[in-house]
Amino acid sequence: MAKIIVVTSGKGGVGKTTTSAAIATGLALRGFKTVVIDFDVGLRNLDLIMGCERRVVYDFVNVIKKEATLNQAMIKDKRTPGLYILPASQTRDKDALTMEGVQTVLDNLAKDFEYIICDSPAGIEQGAQMALYFADEAIVVTNPEVSSVRDSDRIIGILQSKSLKAEQGGTVKEHLLLTRYNPERVAAAEMLSVADVEDILAVPLLGVIPESEAVLKASNQGAPVILDQESQAGQAYLDAVSRLLGEEVEHRFLDVQKKGFLKRLLGGK
Amino acid sequence: MSIFNYFLKKEKKSSASTAKERLQIIVAHERSKRQQPDYLPLMQKEIMDVIRKYVNIDEDQVTVQLDNNDDCSVLELNITLPE
């Protein structure tokens with residue numbers, strides 16, 4: 001039976017798609033057969049981040065409407081074996097996703113895959129609720145910034161009341177992923193710290209992804225940042241995947257890193 | 001930076017701690033609202049309408065609060081009547 005993990009946040013632009021791409025790739029790198037689904041109907045972008053935008057023929061809505069089979073719509077990732085992408089459609093019809101349709105697709109995927117990653121759209125509307133409804137676990141992506149933390153708390157409330165698990169009297173296992181973290185600004189007391197955000201949201205910490213130039217570089221190139229294993233962001237995502245699999249890994253990149261003499265001389269970052 | 005600036009800076013609260021305080025307040029407020037049943041706002045309005053038949057009151061003179069204790073819920077209705 002596959003595990004369904006939703007990547008959600010409430011607020012837009014905090015790194016949901018970057019995280020979905022990285023976590024899905026990371027799970028596939030660890031040998032798990034993984035599919036990542038873009039739930040952002042009308043504003044598809046996962047395909048760009050995964051670098052398969054030119055290979056999209058059919059999409060999630062086509063499958064729901066039975067205009068295409070799952071095998072026709074899923075794109076096999078070229079870099080990572082065992083990884084598949086199900087793109088969202090670009091239709092402007094907001095009600096293109098139906099609860100029954102989503103359930104059928106997830107049930108079919110569950111027969112074949114070990115992990116199903118659902119990349120949620122921003123907001124708390126139907127699309128976002130659909131993405132989290134069937135989830136076993138949730139990765140709540142949060143920036144250390146007031147509006148993102150507040151919206152995360154709202155989405156946590158929805159996970160606890162409007163998910164299938166909650167309706168059945170269970171709970172969706174929640175994970176906090178803090179992204180765009182800047183240790184220098186935290187040290188200067190200009191940014192909420194990991195402890196502050198953990199304190200407010202009271203959700204177990206999955207990982208902290210430092211603000212990194214590698215993230216933009218990765219999206220420019222259409223390669224998930226987790227593949228850039230020299231970058232701090234890539235390494236932090238690898239750690240997060242290990243923790244998701246139940247391993248105990250110490251958190252890294254939380255403190256200001258002292259620049260070496262040579263680096264300071266050359267002005268390196 | 002002069003020595004005065006150094007002391008002034010110390011006195012000012014850091015923006016991160018302001019952010020944390022504001023968040024703690026708003027999140028606690030929104031969580032308590034979230035636990036209310038969906039019918040509460042409508043019920044509050046209907047109670048108001050009944051009272052208005054007899055006494056002229058403002059909306060902010062009525063507070064309706066639902067507290068959940070272990071095995072019982074208490075609906076608290078607080079109305080300030082005008083003098």
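The values are calculated or read from the model by the stated rules, or taken from the named source; none is laboratory data. Values in this document were obtained by computation on a predicted structure and should not be read as measured data. Positions of Cβ are generated from backbone atoms using ideal geometry, with glycine treated the same way; all protein chains shown enter the neighbour counts. Calculation scope for accessible area: heavy atoms of the full protein, side chains included, ligands and nucleic acids excluded. Shrake-Rupley method; radii C 1.70, N 1.55, O 1.52, S 1.80 Å.
Descriptive notes on the structure:
- Taking a Cβ cut-off of under 15 Å around B:N56, the surrounding Lys, Arg, Asp and Glu residues balance to a net charge of -3, with basic ones at +1 and acidic ones at -1.
- Computed on chain A, with alpha-carbon pairs under 8 angstrom and 6+ residues apart, the relative contact order is 23 percent.
- Above-threshold pairs, the threshold being 28 Å between Cα atoms, out of A:K11/A:K66; A:K16/B:K13; A:K33/A:K66: A:K11/A:K66; A:K16/B:K13
- Cα gyration tensor, region A:119-225 - rounded (a/c under 1.5), prolate or oblate: oblate
- Considering only A:Y84, A:V172, A:A122, and ranking their Cα positions along the charge dipole of chain A that arises from unit charges at the beta-carbon of Lys, Arg, Asp and Glu, the one farthest toward the positive end is A:Y84.
- Heavy atoms of B:I51 accessible to a 1.4 Å probe, total area in Å² rounded to 10: 30 Å²
- In this simple spin-label approximation, B:T80 and B:R31 carry label points 7 Å from Cα along the Cα→Cβ vector, and these lie 2.8 nm apart.
- Gaussian network model of chain A, Cα within-10 Å springs - most flexible of A:V172, A:V57, A:V241: A:V57
- When chain A is described by a simple charge dipole with +1 on each Lys and Arg Cβ and -1 on each Asp and Glu Cβ, the residue from A:P224, A:G101, A:F253 located farthest towards its positive end is A:P224.
- Relative to the Cα centre, the charge distribution of region A:3-248, modelled as +1 at Lys and Arg Cβ and -1 at Asp and Glu Cβ, gives a dipole magnitude of about 700 debye.
- Of the residues A:M130, A:M99, the one with the largest accessible area comes first in the ranking A:M99, A:M130, computed with a 1.4 Å probe on protein heavy atoms.
- Taking the helices alone, chain B has a mean residue ellipticity at 222 nm of -17500 deg cm²/dmol, built from -39,500 (n - 2.57) per DSSP H run of at least 4 residues and averaged over all its residues.
- Rounded to the nearest 500, the helix-only mean residue ellipticity at 222 nm of chain A stands at -11500 deg cm²/dmol, with each DSSP H run of n ≥ 4 adding -39,500 (n - 2.57).
- Rolled with a 1.4 Å probe across the full set of protein chains, the surface gives A:K11 an accessible area near 60 Å².
- Modelled spin-label separation between A:N182 and A:V57, with each label point placed 7 Å from Cα along the Cα-to-Cβ direction: 4.5 nm.
- Pairwise FRET efficiency - A:K258 versus A:E198, Cβ, R0 = 35 Å, nearest 0.05: 0.85
- Cross-link partners of A:K165 among aspartates and glutamates, defined as those whose alpha carbon lies under 17 angstrom from its own and excluding same-chain residues fewer than eight positions apart: A:E100, A:D107, A:D136, A:E137, A:E174.
- Total charge dipole magnitude, region B:21-80, about the Cα centre, Cβ charges on Lys, Arg, Asp, Glu only, Debye to nearest 20: 180 debye
- Cα gyration tensor shape of the protein assembly as shown, rounded if a/c is under 1.5, else prolate or oblate by comparing a/b with b/c: oblate
- Assuming charge only on the beta carbon of Lys and Arg (+1) and of Asp and Glu (-1), the dipole of region A:169-211 about its Cα centre is about 160 debye to the nearest 20.
- Net charge contributed by nearby residues that have their C-beta within less than 10 Å of A:L83 (K/R +1, D/E -1): +3
- Accessible area of B:E76 (1.4 Å probe, protein heavy atoms only, ligands and nucleic acids ignored): about 80 Å².
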